[in-house]
Amino acid sequence: MLLLLAALKTAAPPHRTPPPVLLASQASKAKLISVNRLARRNYEVLELLEAGISLIGTEVKSLRAGQLQLRDGYCRIKEGECWLLNCHIAKHGTTGGYFNHEETRDRRLLLHKSQIRKLEKATEQAGLTIVPLRCYFNEDSRVKVQIGLARGKKTEDKRETIKARDQKRELARQLKNV
């Protein structure tokens, strides 16, 4: 009996299979659902955060079909929780009306308390806002929302951004022709 216990103590831990290596074709399983292009145009994004989102079943089914609109969405901090407001997830097509979800309901974002406190301080003191930038399924098939702490751009700033982008594009064309 003692020999058996001694052998078990010195034995190597059980072999665990390493996580599978993803090929390029498999890596695309981190599927992009929606991008808020207007957010980058109208806001200067200062900081990025990744947040989970609390959803119900028919919302996930609609997201798998790519039916999400982030354009008018924004985030607010209420009672120590971060909420995603005014984002439109279309109703699921083959589900009956009773079981379907409300399209523009408030959805809770899953963040750590320290992150929520930091966002709350920034929005109250510095006059910044929180905007959703993109939504995607990660490698574990969980829905994630990338949010940004942002400051609104003025018309002049938008023009400067467009001018810089055009100059960069023209330079790339000239280098390509050389």
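Per-structure values
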| item | result |
| --- | --- |
| Conditions (1) touching a residue at least 60 places away in the same chain (Cβ under 8 Å); (2) assigned to a helix (DSSP H, G or I); (3) not acidic (Asp, Glu): number failed by residue 159 | (1) |
| Single residue of segment 123-134 satisfying the filter (of a type outside the set (S, T, N, Q) and touching a residue at least 40 places away in the same chain (Cβ under 8 Å)) that is surrounded by the most Cβ atoms within 10 Å (Cβ to Cβ) | 132 |
| Of all residues making up segment 94-119, the number that are in a helix (DSSP H, G or I) and open to solvent by 60 Å² or more (accessible area, probe 1.4 Å) | 4 |
| Qualifying helices (runs of 4 or more DSSP H) (wholly inside segment 1-88; at least 3 residues being in contact with a His (Cβ under 6 Å, 6 or more places away or on another chain) and either at pLDDT 90 or above or not small (Gly, Ala, Ser) (or both)) | 57-64 |
| Segment 135-156, subset touching a strand residue (DSSP E or B) at 6+ places or on another chain (Cβ under 7 Å) and modelled with pLDDT under 90, residue surrounded by the fewest Cβ atoms within 10 Å (Cβ to Cβ) | 152 |
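The values are calculated or read from the model by the stated rules, or taken from the named source; none is laboratory data. All figures in this text were calculated on a predicted structure; none of them were measured in a lab. All Cβ positions, glycine included, derive from the backbone under ideal geometry; neighbour counts span all protein chains shown. Remember, those area values only see protein heavy atoms, side chains included, never the ligands or the DNA or RNA. Shrake-Rupley method; radii C 1.70, N 1.55, O 1.52, S 1.80 Å.
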